[in-house]
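The values are calculated or read from the model by the stated rules, or taken from the named source; none is laboratory data. None of these values were measured; they are calculated from a predicted model. FYI the Cβ positions are ideal-geometry reconstructions off the backbone, even for glycines, and counts take in every protein chain you see. Ligands, DNA and RNA are stripped out before the accessible areas are found, and what is left, the full protein with its side chains, is counted by its heavy atoms. Shrake-Rupley method; radii C 1.70, N 1.55, O 1.52, S 1.80 Å.
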Amino acid sequence: MARLKEFDETRALDAAVDCFWQRGYGATSVRDLADAMGIGGPSLYNAFGDKRALFSRSLERYANRSMRERIARLEARHQPKQAIRAFIAEIIDRSLKDPDRRGCLLINSALDVAPHDAEIGAVVAGYLDEIRAFFRRNLEAARRTGQLARTLDPQRVAGHLLGVVAGIRVLARTGAKRGVLEDVARPALALLDRLTTRRH
């Protein structure tokens with residue numbers, strides 16, 4: 001009979017997420033991960049593979065518990081334009097409430113890991129594309145209902161909003177205050193208000 005695992009895999013994976021998030025991929029050793037996860041090196045390798053494989057699993061876990069959870073919750077609760085506003089407002093709030101100013105693991109990885117690892121870069125780009133897709137489909141929905149001009153290009157504006165989110169996350173890591181982060185978001189949110197259908 002196979003031996004039962006002696007640790008909670010989900011809890012261990014959450015600890016790995018936090019370890020990578022706090023230290024960054026390059027500065028995180030296998031020993032750091034094993035200590036944070038409360039398991040031995042052999043158990044880590046048996047359950048998750050090497051450091052790179054564990055990092056990929058950690059990115060997926062982070063995406064599920066953070067980005068995907070947020071998108072699903074906001075789309076279920078809000079109309080399209082309000083969902084976009086709530087997403088950006090929550091990003092600002094979460095960034096400011098983190099005492100360690102860790103930013104976003106996906107954005108951090110795009111800056112620190114992706115330039116040196118094309119495969120992980122593609123994985124990170126895929127997660128960021130999910131955020132862009134969230135913006136795009138809500139912009140398209142708002143345009144269909146006449147809340148935005150028919151001439152609006154949802155793909156381009158979605159890309160702009162993703163850039164705004166990335167900028168907020170990076171600036172928050174430098175210790176930027178709320179006013180600075182809201183100033184970054186304000187022109188993009190004002191754009192949503194100006195892009196209404198004109199009646200002739």
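Listing for the model above:
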| read-out | value |
| --- | --- |
| Per DSSP, loop trypsin sites (Lys or Arg not before Pro) in the range 83-144 with at most 15 further Cβ within 10 Å | 101 |
| ³J(HN,Hα), Karplus 6.51/-1.76/1.60, whole Hz, each residue of the range 67-84, x for Gly, Pro | 4, 5, 4, 5, 4, 4, 5, 6, 5, 6, 9, 10, 5, x, 5, 5, 5, 5 |
| Carbon + sulfur, % of accessible area of the range 71-200 - ligands and nucleic acids excluded, 1.4 Å | 51 |
| Aspartates and glutamates whose Cα lies under 19 Å from that of residue 97, excluding same-chain neighbours fewer than 8 positions away | 18, 69, 182, 183 |
| Karplus 3J(HN,Hα) series, Hz, for the range 15-23 with 6.51 cos²θ - 1.76 cosθ + 1.60 (x for Gly, Pro) | 5, 5, 4, 5, 5, 4, 5, 6, 9 |
| Nearby aspartates and glutamates by direct alpha-carbon distance to residue 81 (threshold 12 angstrom, same-chain neighbours under 8 apart not counted) | 140, 193 |
| D_trans [Stokes-Einstein, Kirkwood Rh over alpha-carbon pairs] for the chain, 20 °C, 1.002 mPa s, µm² s⁻¹ | 116 |
| Rough spin-label spacing in nm, given labels placed 7 Å along Cα→Cβ, for residue 60 and residue 30 | 2.1 |
| Phi-based couplings in Hz for the range 160-173 (Karplus 6.51, -1.76, 1.60; Gly and Pro marked x) | 5, 5, 4, x, 4, 4, 4, x, 4, 5, 5, 4, 4, 5 |
